[in-house]
Amino acid sequence: MSNIVIYHNPKCSKSRQTLELLKSKGVEPEVVEYLKNPLNEFELKSILQKLGGDGKQLVRVKEEVFKETKPSIDSHEEIVKVLAKFPKLMERPLVVSAERAVLGRPPENVLELLS
């Protein structure tokens, strides 16, 4: 299953745990360190569509930059613009397959993509 991508922050324990869980299940995902290689608006729109539900779950509202800038995140369009401008605000880890996206909080959530 090589069509799995993990948007990863190696400093984050949940992100590291999720990556290890995937590997323990025989999955070698493409690892994208999104802080070094930020996603563009097109990629973010695609991920939000695959994530389904409330896109606000993808935004880290407790980060200092969120508190300082107080961006509006009332629509998917606003969420895309905020995350493109401030990649640090993207919740992690985010694991994406061809059809779906899942947040790895808790890491076991990613097992949904493997079934």
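Values in this text are rule-based calculations from the coordinates and carry no lab data. Keep in mind that this is a model prediction, so the values were computed, not measured. Neighbour counts are summed over all protein chains in view; Cβ atoms, including those assigned to glycine, are modelled from backbone coordinates with ideal geometry.
Structure above, values below:
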read-out	value
Complete set of residues in the range 15-42 that are of a type outside the set (F, W, Y) and in contact with a Pro (Cβ under 6 Å, 6 or more places away or on another chain)	S15, Q17, T18, L21, L22, L35, P38
Unmet requirement for K45, which otherwise passes all of (1) surrounded by 12 or more Cβ atoms within 10 Å (Cβ to Cβ); (2) farther than 18 Å from E99 by Cα	(2)
Cβ-Cβ under 9 Å pairs, at least 6 apart or on other chains, the range 14-34 side assigned to a strand (DSSP E or B), far side hydroxyl-bearing (S, T, Y)	E30/S2; V31/Y7; V32/Y7; E33/Y7
Qualifying residue in the range 18-27 (condition: over 14 Å from the mean Cα position of the chain (by Cα), of a type in the set (G, A, S) and within 19 Å of N3 (Cα to Cα))	yes
Residue that is farthest from N37 (Cα to Cα) [pool: residues in the range 62-87 that are touching a helix residue (DSSP H, G or I) at 6+ places or on another chain (Cβ under 8 Å) and touching a residue at least 24 places away in the same chain (Cβ under 8 Å)]	H76
